[in-house]
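The values are calculated or read from the model by the stated rules, or taken from the named source; none is laboratory data. What you see is a predicted model; the values in this text were computed from it and never measured. Note: ideal-geometry Cβ built from the backbone for every residue, glycine included; neighbour counts use all protein chains shown.
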Amino acid sequence: MNKWTTPDTPAFQDEFTREFLLKDGEAPEGFHLFESGTGKYTMIFPTNYVVEESSYYRKKGRSSGVINTENVYLHQDGVHPKKNQQIKGINLFLKPDGNVLVDAALRVMLKKINAPSDTKIETIKDDNKTVYYAENISDYEAEDGSINTTFFLYGLITDNRSKQALYFDLRHKCFDSNEKCEIDFDKEKAMALKMLESVQFK
């Protein structure tokens, strides 16, 4: 990649999103390398997603005075509820003390995705981090009788060397899915797992 040329992708063409992307960072095809505004972690970022500026915030810890909490919401460029009858979004929340009471956090995670009682939480671990994740597909009947289908894949990524953790909340929805749902959940899961496994805490 020519470092003097801005990549022609929705992510890099969006002015706000571009602030978080490392132009020369190594990433697999279909992704760029994203660096948290806190400087606390990196991960791969889909080239066709953008960061929603209105939802972004970061703040300093009460005691440390260091910016260590951050909320990032990203959505697929060009996908809108009215235009496509879809929502495709991922929320990333960095919490400085998220690697505490992990079991309680995982119980909350299962509740948020409307998971059945027998839902299994998967675990991936390496030297840098531990990834916990669970998925669920939930149907909801609207007042007009149409079915809305939501695919959840939620993750908790904990730093093995500190108390910080990253919450990863993917929620993709098809409205009126009894007509047709064009979201490929297997493909979305594969993308999400690549993102989860790519997280590197600093």
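General remarks:
- Residue list for segment 172-187, filter: under 16 Å from N48 (Cα atoms) and in contact (Cβ under 8 Å) with a residue 40 or more places away in the chain: H172, I183
- Residue among E197, E141 that is in contact with a strand residue (DSSP E or B) (Cβ under 9 Å, 6 or more places away or on another chain) and over 25 Å from F34 (Cα atoms): E141
- Within segment 47-58, tally of residues that are free of Cβ contacts under 8 Å to residues at least 40 places away in the same chain and either touching a Pro at 6+ places or on another chain (Cβ under 9 Å) or at positive phi (or both): 1
- The one condition in (1) surrounded by fewer than 20 Cβ atoms within 10 Å (Cβ to Cβ); (2) modelled with pLDDT of 95 or more; (3) touching a His at 6+ places or on another chain (Cβ under 9 Å) that K23 fails to fulfil: (2)
- Residue within segment 46-53 that is at pLDDT below 95 and out of contact with any Cys (no Cβ under 9 Å at 6 or more places or on another chain) present: no
- Hits in segment 157-175 (condition: closer than 21 Å to K187 by Cβ, more than 15 Å from the chain's Cα centre (by Cα) and either surrounded by fewer than 23 Cβ atoms within 10 Å (Cβ to Cβ) or aromatic (F, W, Y) (or both)): F175
- Residue match in segment 26-46 (condition: closer than 21 Å to L196 by Cα and without any contact (Cβ under 8 Å) to a residue 12 or more places away in the chain): yes
- Residues that are surrounded by 18 or more Cβ atoms within 10 Å (Cβ to Cβ) and either among the hydroxyl-bearing types (S, T, Y) or within 19 Å of N178 (Cβ to Cβ) (or both), drawn from segment 103-156: Y132, Y133, N148, T149, T150, F151, Y154
- In segment 35-93, residue surrounded by the fewest Cβ atoms within 10 Å (Cβ to Cβ) [restricted to those that are in contact with a helix residue (DSSP H, G or I) (Cβ under 9 Å, 6 or more places away or on another chain) and in a loop (DSSP other than H, G, I, E, B)]: G78
- Test: F16 is within 21 Å of M195 (Cα to Cα), part of a strand (DSSP E or B) and of a type in the set (F, W, Y): no
- Candidates D97, D103, filtered to the one that is free of Cβ contacts under 8 Å to residues at least 12 places away in the same chain and among the acidic types (D, E): D103
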